[in-house]
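Student: I have a structure here, written as structure tokens, and I will follow up with some questions on it.
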Amino acid sequence: MPAVMPETRYAKASDGVHIGYQVVGSGPFDLIFANSWCSHIEFSWSRPAIVPFYEHLSSFCRLILFDKRGTGLSDPVPGVPTMEDRLADMRAVLDAIGSQRAALLGTSEGTCASIMFAATYPERTTAMVLFSPFVVGRADEDCPWAWTSEFWDLLRTAMENSWGTPDGSGVEFCTPSLIGDETAREWYAHYWRSAVSPGAALDLLEVNTEIDIRPVLPTVRVPTLVLHRTDEQWVNVNYGRYTAAHIPGATLIELPAPTTIRGSRTPTRWLARSRSS
């Protein structure tokens, strides 16, 4: 298992777009990591807290990291990548390394790509782990706990005002244990700047408002584990509960809260403050 960052290589999707990827470890099965809405696989290795996560996974599998098109080290693309593009990215990377079947690990918006891949290519999917699955973009009668249009408006304005800055990093909501950690806020600000430009970030945000893969959930036929922190306020635990309840045979594990977000640390108050700045 490597103690340093592995070499970045490129896979070529069917439409000619190059997808940056890395392979870590050489375990008995493949695990492809569909990260959240933007990433930078090389810069992620500069965060000491992330490296043990990669190394632990690669101790028992062949871990595959990649940046989806339009972000990180992959080709910039005109317009906004579709869900079909995300599946093409994953398929291109797996083909490039000769992987016929893989387990899927998805986080947040990356869980959508994982679920769609498992439903579309069950013969290439051995199992799936979903962490904080974001399966619907807007609240409705079926999912009243999802994000509202007002929340999306606040988030859009906050991103316009503070993208790539420590105040706009938002890490305290995605990872409550980092509350008050200024080093983490600065690192994630740099990470977001490296992963995607402000305009591209806003374009990706618009696509995410329309996410709704709820009809796909009952069609999944691979072993599925859903993980969700009970204290998460960014993608609240109801997303995980809903996802696990609608994927046949899925197992839900609710992780205990290591800390509590208080006062002005709630997402809506932070967004409102960013909007007025």
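The values are calculated or read from the model by the stated rules, or taken from the named source; none is laboratory data. Everything numeric in this text was worked out from a predicted model, so none of it was measured. Note: ideal-geometry Cβ built from the backbone for every residue, glycine included; neighbour counts use all protein chains shown.
Student: Taking the condition of being of a type outside the set (A, V, I, L, M, F, W, C) and not in a helix (DSSP H, G or I), how many residues in the stretch 103-114 meet it?
Tutor: Looking only at the stretch 103-114, we keep the residues that are of a type outside the set (A, V, I, L, M, F, W, C), and these are 106-111, 114.
Add one more test, that the residue is not in a helix (DSSP H, G or I), and what stays is 106-109.
The total comes to 4.
Student: Then there's this: Considering only the stretch 139-223, give the helices (runs of 4 or more DSSP H) lying wholly within it that have at least 3 residues that are crowded, with 16+ Cβ neighbours inside 10 Å, touching a His at 6+ places or on another chain (Cβ under 9 Å) and not β-branched (V, I, T).
Tutor: Numbers: elements: 149-162, 171-174, 182-195, 198-209.
It comes to 182-195.
Okay, residues lined up against (1) touching a Pro at 6+ places or on another chain (Cβ under 9 Å); (2) over 24 Å from T82 (Cβ atoms):
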position: D15; (1), (2): no, no
position: V24; (1), (2): yes, yes
position: L31; (1), (2): no, yes
position: S36; (1), (2): no, no
position: F43; (1), (2): no, yes
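Student: Give the number of residues within the stretch 2-31 that are without any contact (Cβ under 8 Å) to a residue 60 or more places away in the chain and closer than 17 Å to Q100 by Cβ.
Tutor: Of the residues in that region, 3 qualify.
Student: Is it the case that the stretch 227-249 has a residue that's at pLDDT 95 or above, of a type in the set (F, W, Y) and farther than 21 Å from C38 by Cα?
Tutor: Looking through the stretch 227-249, at least one residue is at pLDDT 95 or above, of a type in the set (F, W, Y) and farther than 21 Å from C38 by Cα.
Student: Scan the stretch 149-177 residue by residue and report those that are at pLDDT 75 or above and hydrophobic (A, V, I, L, M, F, W, C).
Tutor: Taking the stretch 149-177 first, the residues at pLDDT 75 or above are 149-167.
F151, W152, L154, L155, A158, M159, W163 - these are the residues of the stretch 149-177 that are at pLDDT 75 or above and hydrophobic (A, V, I, L, M, F, W, C).
Student: While we're on this one: Tell me which residues, restricted to the stretch 92-123, are of a type in the set (D, E, K, R) and surrounded by fewer than 19 Cβ atoms within 10 Å (Cβ to Cβ). Steps first, please.
Tutor: To start, the set of residues in the stretch 92-123 that are of a type in the set (D, E, K, R) comprises 95, 101, 109, 123.
Residues satisfying the conditions are D95, R101, E123.
Student: Out of curiosity, is M128 within 16 Å of L65 (Cα to Cα), in a strand (DSSP E or B), touching a residue at least 24 places away in the same chain (Cβ under 8 Å) and not aromatic (F, W, Y)?
Tutor: On the way: within 16 Å of L65 (Cα to Cα): yes; in a strand (DSSP E or B): yes; touching a residue at least 24 places away in the same chain (Cβ under 8 Å): yes; not aromatic (F, W, Y): yes.
Yes: the conditions hold for M128.
Student: Additional query: Looking at the stretch 45-89, which of its residues are among the polar types (S, T, N, Q), under 14 Å from Y191 (Cβ atoms) and buried (at least 22 other Cβ atoms within 10 Å of the Cβ)? Don't jump to the end; show me each part of the working.
Tutor: Taking the stretch 45-89 and keeping what is among the polar types (S, T, N, Q), we get 46, 58-59, 71, 74, 82.
Now drop any that are not under 14 Å from Y191 (Cβ atoms), which leaves 46, 71.
Within the stretch 45-89, T71 is the sole residue that qualifies.
Student: Can you name the number of the only condition in (1) in contact (Cβ under 8 Å) with a residue 12 or more places away in the chain; (2) within 18 Å of the chain's Cα centre (by Cα) that E84 fails?
Tutor: Status for E84: all satisfied but (1).
Student: Here's a follow-up. List every residue pair whose Cβ atoms lie under 8 Å apart, where the two residues are 6 or more positions apart in sequence or sit on different chains, the first residue falls within the stretch 222-243 and is free of Cβ contacts under 8 Å to residues at least 40 places away in the same chain, and the second residue, located anywhere, is outside any helix (DSSP H, G or I) and hydrophobic (A, V, I, L, M, F, W, C).
Tutor: Final answer for the pair search is T230/L255; T230/A257; R241/L252.
Student: Restricting attention to the stretch 53-102, report how many residues are outside any loop (DSSP other than H, G, I, E, B) and closer than 16 Å to G27 by Cβ.
Tutor: So in the stretch 53-102, the residues outside any loop (DSSP other than H, G, I, E, B) come out as 53-57, 62-66, 83-96, 102.
Retained after the next criterion (residues that are closer than 16 Å to G27 by Cβ): 53-57, 62-65, 94, 102.
Here the count works out to 11.
Student: Still on this model: In the stretch 1-40, which residues are assigned to a loop (DSSP other than H, G, I, E, B), under 15 Å from I64 (Cβ atoms) and in contact with a Gly (Cβ under 6 Å, 6 or more places away or on another chain)?
Tutor: Passing the criteria: M1, T8, N35, S39.
Student: Another one. For the stretch 45-81, give me each residue that is more than 22 Å from T120 (Cβ to Cβ), among the aromatic types (F, W, Y) and touching a residue at least 40 places away in the same chain (Cβ under 8 Å).
Tutor: W45
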